[in-house]
Amino acid sequence: MCSHDPQRTSKNGVWTGLAYGRMRCVASFQEVGEKRGESNDKISFSLKLFVMMDWNDGHACQSHGHVDDPFHGHGGHSHGHGHGGMIPGFKPRSRGPMTDIAMDPTQQPKRHSYMEDGSSWDIIKATQFGIEDRCKELVEAGYDVRQLDKENVSLLHWAAINNRMELVKYYMSKGAIVDQLGGDLNSTPLHWAVRQGHLSMVIQLLRCGADPSLADGEGFCSLHLAVLFQHMATAAYLMAKGQEVDSPDLNGQTPLMLAAQKIIGPEPTNFLIKSNASVNAVDKVNRNSSLHCAVLAGNVDAAHVLLEAGASVDLQNAKGHTPIDLAHQVHSPLLIHMLNHIKQERIKSNSPCFRIVNQYKLHLQLLLSTVVMWLVGAIADLHSESWLLKGVLLACVLAVVNLVTRHLAGPSIQGFIPASTLIASLLWMLVTWCLWFLPDILHQALQLPQSHRISAVALSWVTDPGYIRATEEDKKRNVVLLAEAGCLDPRIFCTSCMMRKPIRANHCFACDACVAKQDHHSMWINGCIGARNHRYFVTFLFSLTLFGAWMFYGSINYWSKHCSLNYHKQGAWGVLTALVGCSPWVLYMFCIAFLHTCWASVSLLMQLYQIAVYGLTLSERMSLLQGKRRFPQSSSLRQNPYNLGLVQNTVNFFQLRCCGLFKPAIVDWTQQYSAVLNHPTGDTFHTV
Ligand SMILES: [Zn+2]
Ligand SMILES: [Zn+2]
């Protein structure tokens, strides 16, 4: 079942002989699992783990050394040779056989014995183990570098799969054929390097003129292999070097179809869609789309990603089957439900009524929040003694709200609910202030600063927090630049945006963008707080706290004038009953103001503390606190390069100026990139 490709010797992890490859194993993972009697859940879980680890670390080869052998066939082919198998700049992992052996001094003599024995080895073994002197000696003595061994494999193949960079350069200088086909799969050295995820080797071979569009014996080009083996950094590099994201293999399957069919989980399907892969392309043979492939493989996560990207549920394959038909064939109730639900949603979204609702969804949501908030207060304020009647009316309002939000509101509207509730609260608090409290307070001049401060809310809503934007061309140029510098590192490269992140930038999954000097994603703003709107957000928190205080003052003033309260006579319960009886609306507004003041004042104190004392953002502080928990002996949070002292931190943040006494340092955080690409891995600052 598994294709024949090089294997490693179990002793030392170097690829030396023929056995099985990984690709077929990954492709037929499910079959293998079934034979082994494992449940689908378990297989799916281990595959997901496999995918996750690869994705997070950007390097698959060494990330699954602990999984059972049949699924990978190797586990640390570069150990004993430093970090030869890793993409430079990636964090050395702390698990797996490579580290175990590297950390175990008892293993060292064994390694030396290989090196000593190398002087008598044949050229193939010397190439596999990277004994350069021996290889050069044999080539100088007349060995033809183009010669294939008995397994039909060239020296360049062995150097490529074992990531022997110097040997590749040497063999190329001696006339090796860069696109030599070899092995049972008729693969080129580039195919072998791609399968292993040796990005630096892929770059080297492309520099030597290797053709990434060549197909191997199974019909896969380099890009297909990179996707199948989930080496996404390699896939990104190949695409940036001009490989089409929708290039078909010999069966007409695009990388997206292969990902949807063969890799369980949302990645790399999501990655390919972000790289503008066509979701409705069909293969040549069965005319299946990517969604057909995902459904056939029972790949729910990939199907979900495809549907989100707009994949058609009505597309028919060569046999006239739609993805929904296939979901019935594979007996997957979850997929059937998902596809039918999307189909109904799409039919509904075509109706004129829904389109209008969708067009003005944010306005309608705001209107709904305002009306609901008024209704609740108005019902409580009804001139009726019956609290039962009021209770029933309130229940009716809640039922209608529930019905409307469930049937009309999509996820984008639901994310807007806290923000619209806040706006509605502010509106009714302002109305209450003007109509209920203002007549009692004569010094109206005090009101004026309020409206000025509330404008900070609007500013923090409309100001771009500092989203990092780049054109497609910029993204490709960045991938090539970083890969060739050996820095395709998740700490400075965002795999979601395919962009180089400025220092202090973070990717926000809710906004689906990288945000400069990101503090956090605020549900009250329904957006991110970053370099450009952080100041407005803090001003907004301050205004809200102050407004809350004014509401308290207005309420107490109103009660003292309009209600007969006497704590000593009535007791706590008596006062409460009197407040409810006096004006339920004022009490209702008091409670709302209290809630908003609570969260705003706590957030404000926390924000001011971390800005002034540490000079950090919330996400940086959290990240450093986590690091401190792991390494308690590490230095204090205050000792960070962004902390310029209490006064200067405050001056910089609020951009304060005073007659030359102090002035702020103005930094555009959307443009601050780390100067040295290969900064030390221990530098936590660029990782937050
Ligand atoms: Zn990003
Ligand atoms: Zn966000």
Inside the stretch 117-140, the number of residues satisfying the requirement of being in a helix (DSSP H, G or I) and surrounded by fewer than 14 Cβ atoms within 10 Å (Cβ to Cβ) is 5
If the Cβ limit is 8 Å and pairs must be 6+ apart or interchain, which residue in the stretch 162-179 that is in contact (Cβ under 8 Å) with a residue 12 or more places away in the chain pairs with which residue that is assigned to a loop (DSSP other than H, G, I, E, B) and hydroxyl-bearing (Ser, Thr, Tyr)?
-> Asn162/Ser78; Asn163/Ser78; Ala176/Ser154; Ile177/Ser154; Val178/Thr188; Asp179/Thr188
Say whether the condition of being of a type outside the set (A, V, I, L, M) and within 16 Å of ligand 1 (Cβ to nearest atom) is met by at least one residue in the stretch 534-551.
-> no
Candidate set: the stretch 178-216, residues that are touching a helix residue (DSSP H, G or I) at 6+ places or on another chain (Cβ under 8 Å) and of a type in the set (Asp, Glu); chosen: the one nearest to Gln243 (Cα to Cα) | Asp211
Restricting the stretch 157-192 to residues that are within 37 Å of the chain's Cα centre (by Cα) and on the phi > 0 side of the Ramachandran plot, which is surrounded by the most Cβ atoms within 10 Å (Cβ to Cβ)?
-> Asn163
Report whether or not Gly466 is more than 30 Å from His231 (Cα to Cα), within 13 Å of ligand 2 (Cβ to nearest atom) and at pLDDT 85 or above.
-> no
Qualifying residues in the stretch 482-518 (those that are within 16 Å of ligand 1 (Cβ to nearest atom) and charged (D, E, K, R)) - the one farthest from Phe416 (Cα to Cα) = Asp489
Hits in the stretch 555-577 (condition: touching a helix residue (DSSP H, G or I) at 6+ places or on another chain (Cβ under 6 Å), in a loop (DSSP other than H, G, I, E, B) and free of Cβ contacts under 8 Å to residues at least 12 places away in the same chain) | none
Only one of Gly554, Gly530, Gly615 is surrounded by 21 or more Cβ atoms within 10 Å (Cβ to Cβ), under 50 Å from the mean Cα position of the chain (by Cα) and within 16 Å of ligand 1 (Cβ to nearest atom), namely Gly530
Glu244: passes all of (1) surrounded by fewer than 18 Cβ atoms within 10 Å (Cβ to Cβ); (2) over 20 Å from Ser496 (Cα atoms) but (2)
Matching entry among Ile503, Ile492 (being at pLDDT below 85 and of a type in the set (Val, Ile, Thr)) | Ile492
When you go through Val515, Val538 one by one, which is the residue that is more than 22 Å from the chain's Cα centre (by Cα) and either more than 16 Å from ligand 2 (Cβ to nearest atom) or surrounded by 23 or more Cβ atoms within 10 Å (Cβ to Cβ) (or both)?
-> Val538
Right, Leu206: within 20 Å of Met232 (Cβ to Cβ), surrounded by fewer than 24 Cβ atoms within 10 Å (Cβ to Cβ) and not basic (Lys, Arg) or not?
-> yes
May I ask you to list pairs of residues, at least six apart or on different chains, whose Cβ atoms are under 7 Å apart, with the first in the stretch 310-327 being part of a loop (DSSP other than H, G, I, E, B) and the second being of a type in the set (Asp, Glu) and at pLDDT 85 or above?
-> Thr322/Asp314
Among all residue pairs at least 6 apart or on different chains, which show Cβ distances below 6 Å where the first residue, located in the stretch 383-407, is without any contact (Cβ under 8 Å) to a residue 40 or more places away in the chain and the second is surrounded by 10 or more Cβ atoms within 10 Å (Cβ to Cβ) and assigned to a helix (DSSP H, G or I)?
-> Lys390/Ile379; Leu393/Ile379; Leu394/Ile379; Val397/Leu375; Val401/Val372
With the checklist (1) closer than 28 Å to Pro323 by Cα; (2) surrounded by fewer than 24 Cβ atoms within 10 Å (Cβ to Cβ); (3) hydrophobic (A, V, I, L, M, F, W, C) in hand, flag the one item Leu256 doesn't pass.
-> (2)
Complete set of residues in the stretch 481-494 that are of a type outside the set (A, V, I, L, M), more than 15 Å from Ala516 (Cα to Cα) and in contact with a Leu (Cβ under 9 Å, 6 or more places away or on another chain) | Gly486, Cys487, Asp489
Go through Pro632, Pro641 for me and flag whichever is exposed (fewer than 12 other Cβ atoms within 10 Å of the Cβ), at negative phi and either at pLDDT 80 or above or in contact with a strand residue (DSSP E or B) (Cβ under 7 Å, 6 or more places away or on another chain) (or both).
-> Pro641
Applying the selection to the stretch 484-513, what residues are assigned to a helix (DSSP H, G or I) and either closer than 16 Å to Tyr673 by Cα or among the polar types (S, T, N, Q) (or both)?
-> none
Can you give me the number of residues within the stretch 469-480 that are assigned to a loop (DSSP other than H, G, I, E, B) and either away from ligand 2 (no atom under 16 Å from the Cβ) or more than 11 Å from Ala513 (Cα to Cα) (or both)?
-> 2
Identify all residues within the stretch 497-512 that are within 13 Å of ligand 2 (Cβ to nearest atom) and not small (Gly, Ala, Ser); write none if there are none.
-> Cys497, Asn506, His507, Cys508, Phe509, Cys511, Asp512
Filtering the stretch 213-229 for residues that are crowded, with 24+ Cβ neighbours inside 10 Å and farther than 15 Å from Leu258 by Cα leaves a count of 1
Return a yes/no flag: does the stretch 314-324 have any residue that is buried (at least 23 other Cβ atoms within 10 Å of the Cβ) and either at pLDDT 90 or above or at positive phi (or both).
-> yes
Would you be able to say whether some residue in the stretch 269-276 is assigned to a loop (DSSP other than H, G, I, E, B) and modelled with pLDDT under 90?
-> yes
Restricting the first residue to the stretch 588-604 and requiring it to be hydroxyl-bearing (Ser, Thr, Tyr), which pairs with a second residue that is assigned to a helix (DSSP H, G or I) meet a Cβ separation below 6 Å and a spacing of at least six or different chains?
-> Tyr588/Gly377; Tyr588/Ala380; Thr597/Thr545; Thr597/Gly548; Ser601/Thr545; Ser603/Leu541
Going by the conditions given, is Phe552 part of a helix (DSSP H, G or I), within 15 Å of Leu587 (Cα to Cα) and away from ligand 2 (no atom under 16 Å from the Cβ)?
-> yes
Any idea which of His568, His562 is away from ligand 1 (no atom under 16 Å from the Cβ) and either under 25 Å from Ile379 (Cβ atoms) or touching a Lys or Arg at 6+ places or on another chain (Cβ under 7 Å) (or both)?
-> His562
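The values are calculated or read from the model by the stated rules, or taken from the named source; none is laboratory data. Because the structure is predicted, anything quoted here is derived from the model rather than measured. Counting neighbours? That spans all protein chains shown, and the Cβs are built from the backbone with ideal geometry, glycine included.
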